[in-house]
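Everything below concerns the one structure shown next.
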Ligand code: CA
């Protein structure tokens, strides 16, 4: 499980990193809002612990950018102020839970585990569906409009990733690390080739198209609402 901690206060940051690392998490630490914003937007995490009061880009802005990008990574925010307004604002912006500083580490760990349990629930589900495209994860069976589609192992993994993160733009680097479990040089076209093959099977003969290229950014799978002009 990969966690991102965004916290500018050295003591709290080190304390969180050490504790969470000892609890078995892979922890990335950003010590300012700018780095936090960059990491949150470009890398994939299972959960983000976000301090609200940051000197440059504050926690609200980071949270807002994430949700605007349809990134649904669970966010636990840390607020020093025991203010109802702050908590309401955080939850309205799409945070999943909050902690008021100062907190005991056991409390952080309990919140993190409970949030992960809640948000990882889809992993246990055996059916994924977007429009008329259906994937049965247990039987590893894919159908579109009721028609059976045969995929290779990698194509299946790629489709599963795109469907689990539907609506989210996935950069090639994320697809490479999650489907091929490795980092590709940026000039490789392995992912583009795999996407093309997947498209030819699930999109070519069907409407509407579900896999979309987001120029300069990556790919996403989504049932887009098309405005007839
Ligand atoms: Ca702070």
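The values are calculated or read from the model by the stated rules, or taken from the named source; none is laboratory data. Quick caveat: nothing in here was measured; it's all calculated off a predicted structure. Cβ coordinates were reconstructed from backbone atoms using ideal geometry, including for glycine residues, and neighbour counts include every protein chain displayed.
Of note:
- Search result, residues across segment 125-172 that are in a helix (DSSP H, G or I) and in contact (Cβ under 8 Å) with a residue 24 or more places away in the chain: 154, 155, 158, 159, 160, 162, 163, 164, 172
- Flag if residue 18 is more than 16 Å from the ligand (Cβ to nearest atom) and under 28 Å from residue 221 (Cα atoms): no
- Considering segment 1-15, the residues that are surrounded by 18 or more Cβ atoms within 10 Å (Cβ to Cβ) and away from the ligand (no atom under 12 Å from the Cβ) include one that is nearest to residue 118 (Cα to Cα), namely 3.
- Tally, over segment 46-57, of residues that are at pLDDT below 95 and more than 9 Å from the ligand (Cβ to nearest atom): 3
- Strands (runs of 3 or more DSSP E) contained entirely in segment 1-73, each with at least 2 residues that are over 16 Å from residue 90 (Cα atoms): 2-6, 26-30
- Within segment 67-78, one or more residues are over 29 Å from residue 175 (Cα atoms), within 16 Å of the ligand (Cβ to nearest atom) and in contact (Cβ under 8 Å) with a residue 60 or more places away in the chain.
- Any hit, segment 80-91, residues being surrounded by fewer than 19 Cβ atoms within 10 Å (Cβ to Cβ) and within 28 Å of residue 176 (Cα to Cα): no
- Of residues in segment 33-45 being touching a helix residue (DSSP H, G or I) at 6+ places or on another chain (Cβ under 8 Å) and within 14 Å of the ligand (Cβ to nearest atom), the one nearest to residue 16 (Cα to Cα): 36
- Scanning segment 90-120 for residues being closer than 22 Å to residue 40 by Cβ, more than 16 Å from the ligand (Cβ to nearest atom) and either free of Cβ contacts under 8 Å to residues at least 60 places away in the same chain or assigned to a helix (DSSP H, G or I) (or both) gives a total of 16.
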